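Peer 1: This structure is in structure tokens; I'll ask about it shortly.
The values are calculated or read from the model by the stated rules, or taken from the named source; none is laboratory data. Quick caveat: nothing in here was measured; it's all calculated off a predicted structure. In this analysis, Cβ positions are derived from the backbone assuming ideal geometry, glycine residues included, and neighbour counts consider all displayed protein chains. Surface accessibility is based on the protein's heavy atoms, side chains included, excluding ligands, DNA and RNA. Shrake-Rupley method; radii C 1.70, N 1.55, O 1.52, S 1.80 Å.
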Amino acid sequence: MALRLYDSMTRELRVLSPSHADGVFRFYNCGPTVYAPAHIGNFRTFLINDVVRRLLELQFGPAKVKHVRNLTDVDDKTIKRARDEGRPLADVTRQWTEKFHADCAALNCLVPHDEPRATDPRHLRGQVDMIDVLLRKGNAYRAPDGSVYFKVSSFPGYGALSRVKERELQPGDALKALAADADEKEDGSDFALWKAWKPDDGDNQWPGPEGAAPGRPGWHIECSAMSKAILGETIDLHTGGVDLLFPHHENEIAQSECCNGQQLSRHWYHSEHLLVDGKKMSKSLGNLYTLDELTAKGVSPMAVRYALLAGHPRKQLNFSLDSLHAAESAMAKLHAYGQSLSTDGDAVALDPVRAALHDDLNIPAALGALFTLVNRGPQGVPKAAFDEVLWTLGLKPTAPGAAAATAPAPVVALAEQRWTAKQARDFKAADTLRGELAAAGWSMLDGKDGYKLEPLKK
Ligand code: AMP
Ligand code: ZN
């Protein structure tokens, strides 16, 4: 089954394929800025990318996919945070990187094969080298304060991804303002490759490109330099949230293609935002939820994963706490269904689910097809094929109550055995296990889709 994904550059669905002689598919995904916990809007994007990674592994084999996701560990926000807390920048970014990794693990995300940091000396070198080339080729210039800017007019291809030139003709369009990030540039649409040190930057400065002042790299250049260092000049798929399409990805293309003389990415994919009450979930609007805030309300991380994946990735998704309750009960149903399956059956039963995932990552259609099977019953559906689909979605359903129960592990194990026995209609074994649970001081309350454990009152 070919894997087709919408390409933001050509604006059509295209089949994904590796282009390098080694057959390794090169996948680059813009990562988080590490100065605070990522919110679940960010995680919507990272989870969609996790499903892309899983589909690529199924398609080309786990050894034939290389997935890189960067960490932005220097920019205005990270520096401000360090300054406000009176801590070294590296301390702050380490803390939030660790938190990001813990949240990714709780949400069952596969770990990227490389996770480069902008301030890694090797990658600082790579960024400075690229800027040196752009200066030599006349695509960049030094400003009076020692910063370096990319000269947008030097790259005729600028705007191909975002159609920014067409959009600029629209009245009231704020795109120019968006691209503007300093006063020293020759033209409003030029963007910073290197930012000369300012007093607000504190200790955070590095030696710059030739003839430039000490300072720090601009944000866009980090992805160009790090994808080149790890994946090579041309990658097979580059992704991020829609807000990255312009100016970030447009600028990455300009820098990389002027420097290398090669296409940066063969395919671009952008997923849509998570909204709250019709507005983008974002730190600046203060309308965000973190994973911790939701788990503190008793929601399981798997339900969060399910709820964030349940909408079409290329459509905006409105977040509500109700969607988490629905997700929790969907997970319980999937758990119970998985328990009821045997090795018998034909894997083609899952084809409609797989087909939807391969057709531009239509996750809602895939879940719809999956629940059609669940509602029909276990006949003819082999457990291995069902498990593979759950793996592709990264869902690990558990019985409700099991995850939240404060019961000790041996009690949860007994409960799981009893639930399985009951699903298999082995009531004798289920009764025996109920007795064992009672002897351990626990009672098990059975629901339609799962169970709850409660301590027996003495
Ligand atoms: P940042 O840490 O701000 O660089 O963002 C990390 C990723 O999260 C980027 O790919 C953004 O496009 C994405 N993102 C930010 N806000 C949202 C949102 N509300 N919904 C979905 N993705 C988002
Ligand atoms: Zn990027």
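Peer 1: Could you count how many residues in segment 17-35 are open to solvent by less than 10 Å² (accessible area, probe 1.4 Å) and among the aliphatic types (A, V, I, L, M)?
Peer 2: The total comes to 1.
Peer 1: So, one more: In segment 225-242, which residues are free of Cβ contacts under 8 Å to residues at least 40 places away in the same chain and more than 16 Å from R163 (Cβ to Cβ)?
Peer 2: E233
Peer 1: Would you mind listing the helices (runs of 4 or more DSSP H) fully within segment 320-397 where at least 2 residues are open to solvent by 50 Å² or more (accessible area, probe 1.4 Å) and touching a residue at least 40 places away in the same chain (Cβ under 8 Å)?
Peer 2: 321-340, 383-393
Peer 1: Next up: Let me spell it out: the conditions are (1) out of contact with any Cys (no Cβ under 8 Å at 6 or more places or on another chain); (2) open to solvent by less than 40 Å² (accessible area, probe 1.4 Å); (3) over 30 Å from L361 (Cα atoms), and L71 meets all of them except one. Which number is the exception?
Peer 2: Going through (1) out of contact with any Cys (no Cβ under 8 Å at 6 or more places or on another chain); (2) open to solvent by less than 40 Å² (accessible area, probe 1.4 Å); (3) over 30 Å from L361 (Cα atoms) one by one, L71 breaks only (3).
Peer 1: Among the acidic types (D, E) and closer than 28 Å to A102 by Cα - does that describe any residue in segment 247-263?
Peer 2: no
Peer 1: Ok, one more. Restricting attention to segment 90-100, does a residue exist that is open to solvent by 70 Å² or more (accessible area, probe 1.4 Å), in contact with a His (Cβ under 9 Å, 6 or more places away or on another chain), farther than 18 Å from A254 by Cβ and modelled with pLDDT of 95 or more?
Peer 2: no
Peer 1: Can you spot a residue in segment 340-347 that is of a type in the set (A, V, I, L, M), under 19 Å from L58 (Cβ atoms) and touching a Leu at 6+ places or on another chain (Cβ under 8 Å)?
Peer 2: Within segment 340-347, none of the residues are of a type in the set (A, V, I, L, M), under 19 Å from L58 (Cβ atoms) and touching a Leu at 6+ places or on another chain (Cβ under 8 Å).
Peer 1: May I pose another question? For the subset of segment 436-452 comprising residues that are within 34 Å of the chain's Cα centre (by Cα) and in a strand (DSSP E or B), which member is surrounded by the fewest Cβ atoms within 10 Å (Cβ to Cβ)?
Peer 2: In this case the residue turns out to be K452.
Peer 1: Name the single residue, out of those in segment 232-264 being within 19 Å of the chain's Cα centre (by Cα) and open to solvent by 10 Å² or more (accessible area, probe 1.4 Å), that is nearest to ligand 2 (Cβ to nearest atom).
Peer 2: This residue is L244.
Peer 1: Which members of segment 279-289 meet the condition of being open to solvent by 20 Å² or more (accessible area, probe 1.4 Å) and within 12 Å of ligand 1 (Cβ to nearest atom)?
Peer 2: Hits for segment 279-289 are K279, K280, K283, S284, L285, N287, L288, Y289.
Peer 1: Still on this structure, I have one more. Check every one of the strands (runs of 3 or more DSSP E) wholly within segment 1-45 and list those with 1 or more residues that are within 16 Å of ligand 2 (Cβ to nearest atom) and not assigned by TED's automatic domain parsing to the domain that holds T295.
Peer 2: The qualifying strands (runs of 3 or more DSSP E) are 25-29.
Peer 1: Take the residues of segment 202-222 that are part of a helix (DSSP H, G or I) and within 18 Å of P121 (Cβ to Cβ): which is nearest to the chain's Cα centre (by Cα)?
Peer 2: This residue is E222.
Peer 1: Grab the strands (runs of 3 or more DSSP E) fully contained in segment 236-291, keeping just those with 1 or more residues being of a type in the set (A, V, I, L, M) and touching a strand residue (DSSP E or B) at 6+ places or on another chain (Cβ under 8 Å).
Peer 2: 237-241, 274-276
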